[in-house]
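Asker: I'd like to ask you about the structure that follows.
The values are calculated or read from the model by the stated rules, or taken from the named source; none is laboratory data. Everything quoted here is computed from the prediction, not taken from an experiment. Here the Cβ positions follow ideal geometry from the backbone for every residue, glycine too, while neighbour counts run over all protein chains shown. We work out accessible area using only protein heavy atoms, side chains counted, and drop any ligands, DNA or RNA first. Shrake-Rupley method; radii C 1.70, N 1.55, O 1.52, S 1.80 Å.
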Amino acid sequence: ARPPLFLSGVPLHPEVLRRPRQPRHHLHLWTILPCFHERTMRVQVHLRAEKLGNVSRGRWRGKKSNPYAKVALTSESTTVASSVMDLGCTEIITNELSPSWMTIFTLEHDESKDWTPLRITIHDGIAENAFHRAKENISRNGSQPNTVLPLPSRSGREGTKMGEVDVEVGGILRMDGQETKLALNEGGSLFVHITKSQQGSDTGMFTCHIRGLDIKNIESGLLGLGAIDPYFELSKKFVDPDHGISRWHVVYRSEHILNSINPYWNPFEIDVDRLCNGDCPGK
């Protein structure tokens with residue numbers, strides 16, 4: 001008798017081996033799944049506003065609001081209004097109704113969907129926080145900032161809302177000049193400008209130290225004893241040659257130096273991507 005065979009530890013009887021082989025029909029099924037590669041593009045969001053509604057409590061005394069903007073990435077659904085990710089806040093610009101914020105928001109835009117919704121809310125900064133920050137800076141180095149970082153109020157509430165808009169990144173990128181103007185219900189207009197962030201291969205930090213000598217004094221006062229409180233702004237230029245559009249965006253604003261025509265400002269540094277979109281020779 002033929003000894004039993006084993007296949008994977010299971011004995012096979014010789015009768016099984018003598019059975020006629022049945023024809024087999026092989027059917028190969030291939031499932032073809034579409035391959036979606038998410039394509040993203042890093043973009044920069046610049047914000048400025050004009051003629052905002054003055055919601056300051058002291059507006060009857062001539063005081064103006066201290067506006068700052070808050071940006072959030074919102075749900076893709078048109079029926080869901082809740083924010084899903086806060087991208088941050090700009091600096092507060094004190095006593096100003098036409099602010100040009102130097103804060104730049106960088107985010108990833110999904111090119112495969114071409115749909116990145118944002119919600120931008122403008123608030124009146126907490127006046128007492130702005131005052132204390134300015135007072136601390138004056139006592140420390142004799143200068144005062146014209147911009148103050150937003151701080152939470154003691155009650156945990158944000159400042160009075162000055163306006164809110166919803167925008168979509170892809171739609172703005174396709175506009176002439178890549179900027180849109182939006183009216184605010186509380187008064188004034190918000191300008192949202194979006195550009196591709198990395199347009200070159202340059203990386204690193206730009207470091208700079210600026211001083212002024214014999215700047216013209218335009219605030220001498222009645223007795224000629226006063227002096228200006230100078231500060232400077234560093235801006236980068238955006239050009240859309242196809243539509244003949246160009247504009248400047250503030251990327252850095254210095255502190256004020258009180259009563260001086262020979263100011264010596266603090267040194268500063270800026271990321272090259274923020275300063276010139278990674279394309280220093282081109283900018």
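Asker: Carbon and sulfur: what percent of region 200-283's accessible surface (1.4 Å probe)?
Answerer: For region 200-283, the apolar C and S fraction of the accessible surface comes to 53 percent.
Asker: Go through 229-240, 185-196, 93-104 and give me the packing order, highest mean Cβ count within 10 Å leading.
Answerer: With the highest mean Cβ count within 10 Å placed first, the list reads 93-104, 185-196, 229-240.
Asker: Follow-up question, since we're still on this one. Residue by residue, what Karplus-based ³J(HN,Hα) values in Hz, rounded to whole numbers, does region 39-55 have, using 6.51, -1.76 and 1.60 with θ = phi - 60° and x for Gly and Pro?
Answerer: 10, 10, 9, 6, 10, 10, 10, 10, 10, 8, 9, 9, 6, 5, x, 7, 10
Asker: Filter LYS216/LYS237; LYS51/LYS237; LYS51/LYS181 down to the pairs with a C-alpha to C-alpha distance above 20 Å, please.
Answerer: With Cα atoms farther than 20 Å apart: LYS216/LYS237; LYS51/LYS237.
Asker: Order of 257-266, 208-217 by packing, highest average Cβ count within 10 Å first?
Answerer: In decreasing order of mean packing, 257-266, 208-217 become 257-266, 208-217.
Asker: Setting aside same-chain residues fewer than 8 positions from LYS113, which lysines have a Cα under 18 Å from its Cα?
Answerer: Counting by Cα, and skipping residues close in sequence, LYS113 has these lysines nearby: LYS196.
Asker: Would you work out which of HIS256, GLY212, LEU222 lies farthest towards the positive end of the dipole of region 192-283? Charges go on Cβ: Lys and Arg +1, Asp and Glu -1.
Answerer: Ranked along the dipole, the leading option is LEU222.
Asker: Name the residues whose placed amide hydrogens come within less than 5 Å of the amide hydrogen of PHE105, ignoring near sequence neighbours (fewer than 5 apart) on the same chain.
Answerer: Excluding prolines and chain starts, which carry no amide H, the hits are VAL45.
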